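Presented below is the structure to which this report refers.
What follows is calculated from the coordinates using simple rules that are stated; it is not laboratory data. Remember, it's a predicted structure, so these values are computed and weren't measured experimentally. Note: ideal-geometry Cβ built from the backbone for every residue, glycine included; neighbour counts use all protein chains shown.
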Amino acid sequence: MGPAWVLYDGECGLCDRAVGWLLARDRRAALRFAPLSGPTAAEVRRRHRELPAADESFLLVEDPGGRDERVLARSRAALAAVARLGGAWRAVRVLDLIPRPLGDAVYAWVARHRGRWFGRLAACRVPAPEERSRFLDLR
């Protein structure tokens, strides 16, 4: 299985911190990253028109561009991204037992307050040189 794509709000302080957290723990390079405002996310949205609005979600694309491409959103995307880190992080999948509407309600509550709690950034993160290969829209 190749790397999954994490599509995130590049100007959200919480999302930026989440990307940094995932990068620091993704020793197997199981994830690639792209902002929801960029061309990679636009292409995924063209293939999956049912996706939630770009400003309200965190997306994980499994088998990107492949025959079995699948896009997870909100709480399920966040859980799947952490599980992709492997090792003990896979245990987070037990939270998939929580009904999606409940998980997404918690996700929506945090999303409503994220700007106040974590702030907004003027622009997307500029990856460190050693991280550049992990960001899709920089190539």
Subject >> Among 19, 110, 61: highest mean-square fluctuation, GNM of the chain, C-alpha pairs under 10 Å >> reply: 110
Subject >> Separation of the residue 68 and residue 108 label points, Cα + 7 Å toward Cβ, nm >> reply: 3.1 nm
Subject >> Tail weight of P(r) past 20 Å, computed on alpha-carbon pairs of segment 4-133, percent >> reply: 44 percent
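Mind sorting 131, 11 by how few other Cβ atoms lie within 10 Å of their own Cβ, fewest first?
On the way: 131 16, 11 19.
Fewest to most other Cβ atoms nearby, the residues stand as 131, 11.
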**OP:** For the chain, with a Gaussian network of springs between Cα atoms less than 10 Å apart, report the residue from 129, 64, 35 with the top mean-square fluctuation.
**Re:** 129
**OP:** Would you mind working out the magnitude of the charge dipole of the chain relative to its Cα centre, with +1 at each Lys and Arg C-beta and -1 at each Asp and Glu C-beta, to the nearest 20 Debye?
**Re:** 200 debye
Original post:
Relative contact order, percent, of segment 41-137 when contacts are C-alpha pairs under 8 Å separated by at least 6 residues?
Top reply: 17 percent
**OP:** For each of 117, 5, count neighbouring Cβ atoms within 10 Å of the residue's Cβ, then give the residues from fewest to most.
**Re:** 117, 5
**OP:** Among 37, 71, 2, flag the residue with its Cα farthest along the positive direction of the charge dipole of the chain, charges on Cβ as +1 for Lys/Arg and -1 for Asp/Glu.
**Re:** 2
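Give me 135, 118 ranked fewest to most by other Cβ atoms within 10 Å of their Cβ, as a rough exposure proxy.
On the way: 135 20, 118 16.
Listing 135, 118 from fewest to most nearby Cβ atoms yields 118, 135.
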